[in-house]
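The values are calculated or read from the model by the stated rules, or taken from the named source; none is laboratory data. Please read these numbers as outputs of a predicted model, since none were measured by experiment. Note that each Cβ is placed from the backbone with ideal geometry, even for glycine, and that neighbours are counted across all protein chains shown.
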Amino acid sequence: MFDWQEKIPAYLTEKSNIVRLIIFTAAFALVFINIYAPFGVYTWFDLTQLQLLAYSSLVILAGVLVVVISRVLMYHYCKRDPLSYPQYFGWVALEILSMALVYTIFETFILDDPREFITAFKVTLKNTALVLLLPYSTLWLYFSWREKKQKLEIISAGGIPGETSRRMIPFYDEKGALRISIMLENLVYLEASDNYVTINYLHKDKISRFMVRNTLKNLESTLLETGILRCHRSFMVNIDMVKVIRRERGGLKLEIEGTPVIEIPVSKTYMDEILAAFSKYSL
């Protein structure tokens, strides 16, 4: 049975995919309005094809602004707490209502639509739903297909079917491109800096580093149940690599063997989770 409280896939709120969605939706709306002439433009307005192109471009610009604002807010909100499916569908419904309202206001006050506001809004709402839902659905299918394709690439590159997340760990950049895959037992810790994450891993018994343009928040969702835990705003650590956990006045410190010894801080936000993880492993 489908769990409606399940969180939406991370690819729906990736920055690069949001940009793709906005551009594709704007292009689709422009083609849709000029080919199918919705919103009753030829019935209510005496427009040439060139005038329709000009007016529709203005309308789409206003509508896309609604989507841009909405998706920027969604992106920042999901950094703190990803949306569930009902929340996401509700968000999309608000986008449709908001864009339909913008379109109706544009028609009524800019184009002097002779229809009553409510009548125009009902027609606009139906067409706006088509303008948004068709590209949204198409891109969702594309993003899902691309993610599955990337997982298959990981498996064919040496991952173990059914154990990909526990053995070979893939790392993608913010555009969804696979950059590197590392065996779990060789992964030491991750460190974030601005929009980049440095992956620290063992190679020939020495620490090697690989930088990926992404955020820990995005990578965290791909590392569930791997033993790689968030311990700080800027750090994730492979708890199998930790040799000492030490409590100091400033908080907890995790020690990893190396020359010199590597110390990873634990912030108060993640302290309980880290202690619980070590308690489970010690049992």
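Key figures
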read-out	value
Counted residues, the stretch 227-266 - those being among the basic types (Lys, Arg) and out of contact with any strand residue (DSSP E or B) (no Cβ under 7 Å at 6 or more places or on another chain)	3
Residue among 142, 136 that is at pLDDT 90 or above, under 17 Å from the mean Cα position of the chain (by Cα) and closer than 17 Å to residue 30 by Cα	136
Residue that is nearest to residue 176 (Cα to Cα), among those in the stretch 1-14 that are in a helix (DSSP H, G or I) and at pLDDT below 85	11
Test: residue 238 is within 28 Å of residue 80 (Cα to Cα), modelled with pLDDT of 90 or more and not aromatic (Phe, Trp, Tyr)	yes
The stretch 184-207, residues that are surrounded by fewer than 15 Cβ atoms within 10 Å (Cβ to Cβ) and in contact with a helix residue (DSSP H, G or I) (Cβ under 9 Å, 6 or more places away or on another chain)	185, 203
Residue match in the stretch 106-120 (condition: part of a helix (DSSP H, G or I), of a type in the set (Gly, Ala, Ser) and surrounded by fewer than 18 Cβ atoms within 10 Å (Cβ to Cβ))	no
Unmet criterion (only one of (1) at pLDDT 80 or above; (2) more than 27 Å from residue 223 (Cα to Cα); (3) surrounded by fewer than 16 Cβ atoms within 10 Å (Cβ to Cβ); (4) within 28 Å of the chain's Cα centre (by Cα)) for residue 128	(3)
Some residue of the stretch 195-205 being modelled with pLDDT under 85 and over 20 Å from residue 10 (Cβ atoms)	yes
Breaking point among (1) over 27 Å from residue 8 (Cβ atoms); (2) part of a helix (DSSP H, G or I); (3) free of Cβ contacts under 8 Å to residues at least 24 places away in the same chain, for residue 124	(3)
Residue satisfying condition, being modelled with pLDDT under 75 and either buried (at least 17 other Cβ atoms within 10 Å of the Cβ) or assigned to a helix (DSSP H, G or I) (or both), within set 62, 100	62
Of the criteria (1) touching an Asp or Glu at 6+ places or on another chain (Cβ under 9 Å); (2) touching a residue at least 24 places away in the same chain (Cβ under 8 Å), which one residue 88 fails	(1)
Residue 224 over 19 Å from residue 256 (Cα atoms), touching a residue at least 40 places away in the same chain (Cβ under 8 Å) and out of contact with any strand residue (DSSP E or B) (no Cβ under 9 Å at 6 or more places or on another chain)	yes
